[in-house]
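The block underneath contains the structure these notes are about, expressed in structure tokens.
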Amino acid sequence: MSSNSTSTSTSHPFIVPNPSDLRSPCPALNALANHGYINRDGRNITVHALVEAMHEVYSLTKPLAYLLALAGVLLCGDGRTVDLHRLAKHNVIEHDASLSRQDTQPPNVYAPICADPILVSKLMRVSQNDFLVLSDLAVTRVIRESEALGGPLNPLRAEVGRAESALILQVFGGERLEVDKSVLCVWLVDGRLPESWQSPRGTVGIRTTVSVGRRIADVMDSIRNRERGRPSPLGPYHLTLFPLSRVLRSLMFGLTS
């Protein structure tokens with residue numbers, strides 16, 4: 001897929017959502033709604049609409065887009081459509097230790113929708129460069145998971161968190177996986193596709209996401225073992241024994257593992 005400046009398209013301008021519009025904890029979907037790639041009110045969004053929007057804007061392959069869309073509609077929707085705010089139901093797909101959203105405070109059933117400025121600021125400060133790389137997101141994931149209100153994430157939710165980071169790196173980081181901080185901040189906080197950003201030139205698929213996710217897991221494993229002062233007893237793939245393919249299947253069929 002050739003790159004295109006989706007954010008400046010006259011057919012998909014950014015419009016601040018109305019108070020009655022529904023949004024999710026997922027900045028990717030919020031941006032799609034704010035630009036009109038899916039229903040701007042965040043209601044009754046079909047699998048087909050999600051797939052086409054994720055494919056067009058974020059260059060996700062159709063198989064990966066279908067897996068993610070089906071997970072949302074089957075687990076949080078009515079089996080045919082989904083309202084964005086339903087994706088905020090805690091520990092269904094949404095999970096603690098988000099890079100930009102606060103954890104769900106008990107006894108709330110739904111997670112916060114808006115980005116937390118303090119968390120976003122901490123993410124931006126993890127590196128002194130103008131961009132974030134894979135190791136920066138890995139460091140932030142280790143910190144956020146150590147702070148999780150619900151305690152350590154189970155393997156499924158931990159892998160989902162790493163997959164989210166892998167997608168950020170691929171969608172916004174280009175071939176070098178270097179994510180411009182200013183671009184990421186606008187996307188996370190405003191739910192807007194920055195004018196300076198273009199869709200990835202290539203496609204983002206399951207195979208590449210698994211690969212980048214494993215690299216994130218390896219770095220996280222190394223960080224945690226340095227903190228413990230010992231090497232991983234299971235070798236460098238200690239955190240990759242729960243494959244992303246199983247995560248995606250689990251999301252689709254509602255398994256909690």
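The values are calculated or read from the model by the stated rules, or taken from the named source; none is laboratory data. Just so it is clear, the structure is predicted and the values come from calculations on it, not from any experiment. Please note: Cβ atoms are built from the backbone with ideal geometry, for glycine as well, and neighbour counts cover all protein chains shown.
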- [ ] Please specify each residue of the stretch 198-219 satisfying the condition of being of a type outside the set (S, T, N, Q) and part of a helix (DSSP H, G or I).
- [x] ILE206, ARG207, VAL210, VAL212, GLY213, ARG214, ARG215, ILE216, ALA217, ASP218, VAL219
TODO: Could you tell me whether SER98 is hydroxyl-bearing (Ser, Thr, Tyr), in contact with a Leu (Cβ under 8 Å, 6 or more places away or on another chain) and touching a residue at least 12 places away in the same chain (Cβ under 8 Å)?
DONE: yes
Open item on the list: Looking only at the stretch 137-176, count every residue that is in contact (Cβ under 8 Å) with a residue 60 or more places away in the chain, closer than 15 Å to ILE223 by Cβ and among the polar types (S, T, N, Q) and tell me the total.
Closed with: 1
Task: The lone exception for GLY191 - which of (1) touching a residue at least 12 places away in the same chain (Cβ under 8 Å); (2) surrounded by fewer than 21 Cβ atoms within 10 Å (Cβ to Cβ) it fails - done: (2)
Task: One residue from ILE93, ILE118 being farther than 27 Å from THR208 by Cα and aliphatic (A, V, I, L, M) - done: ILE118
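Conditions (1) over 20 Å from GLY191 (Cα atoms); (2) modelled with pLDDT of 95 or more; (3) among the polar types (S, T, N, Q), marked per residue:
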| residue | (1), (2), (3) |
| --- | --- |
| THR10 | no, no, yes |
| ALA31 | no, yes, no |
| ALA49 | no, yes, no |
| MET54 | no, yes, no |
| LEU60 | no, yes, no |
| LEU70 | yes, yes, no |
| VAL73 | yes, yes, no |
| LEU87 | no, yes, no |
| GLU94 | no, yes, no |
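Each row is one residue, and each column tells you yes or no for (1) over 21 Å from ASN30 (Cβ atoms); (2) part of a helix (DSSP H, G or I); (3) modelled with pLDDT under 95.
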{"site": "GLN128", "(1), (2), (3)": "yes, no, no"}
{"site": "VAL139", "(1), (2), (3)": "yes, yes, no"}
{"site": "ALA163", "(1), (2), (3)": "no, yes, no"}
{"site": "ALA166", "(1), (2), (3)": "no, yes, no"}
{"site": "GLN170", "(1), (2), (3)": "no, yes, no"}
{"site": "VAL183", "(1), (2), (3)": "no, yes, no"}
{"site": "TRP187", "(1), (2), (3)": "no, yes, no"}
{"site": "LEU193", "(1), (2), (3)": "no, no, no"}
{"site": "SER196", "(1), (2), (3)": "no, no, yes"}
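Taking the stated definitions as given, is VAL179 touching a Gly at 6+ places or on another chain (Cβ under 6 Å), buried (at least 20 other Cβ atoms within 10 Å of the Cβ) and at pLDDT 95 or above? Quick ask: steps written out before the conclusion?
On the way: touching a Gly at 6+ places or on another chain (Cβ under 6 Å): yes; buried (at least 20 other Cβ atoms within 10 Å of the Cβ): yes; at pLDDT 95 or above: yes.
The answer is yes for VAL179.
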TODO: Just need a number here: residues in the stretch 56-85 that are in a helix (DSSP H, G or I) and without any contact (Cβ under 8 Å) to a residue 12 or more places away in the chain.
DONE: 1
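Residue by residue through the stretch 95-111, note down the ones that are surrounded by 13 or more Cβ atoms within 10 Å (Cβ to Cβ) and either charged (D, E, K, R) or over 15 Å from the mean Cα position of the chain (by Cα) (or both). Talk me through it step by step, then tell me what you get.
Narrowing the stretch 95-111 to residues surrounded by 13 or more Cβ atoms within 10 Å (Cβ to Cβ): 95-104, 110-111.
ASP96, ARG101, ASP103, THR104, TYR110 - these are the residues of the stretch 95-111 that are surrounded by 13 or more Cβ atoms within 10 Å (Cβ to Cβ) and either charged (D, E, K, R) or over 15 Å from the mean Cα position of the chain (by Cα) (or both).
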Task: the stretch 111-122, residues that are touching a residue at least 40 places away in the same chain (Cβ under 8 Å) and either among the aliphatic types (A, V, I, L, M) or part of a strand (DSSP E or B) (or both) - done: ALA111, ILE113, ALA115, VAL120
- [ ] Those residues that are assigned to a loop (DSSP other than H, G, I, E, B) and touching a helix residue (DSSP H, G or I) at 6+ places or on another chain (Cβ under 9 Å), I need them from the stretch 151-161; list them, please.
- [x] PRO152, LEU153
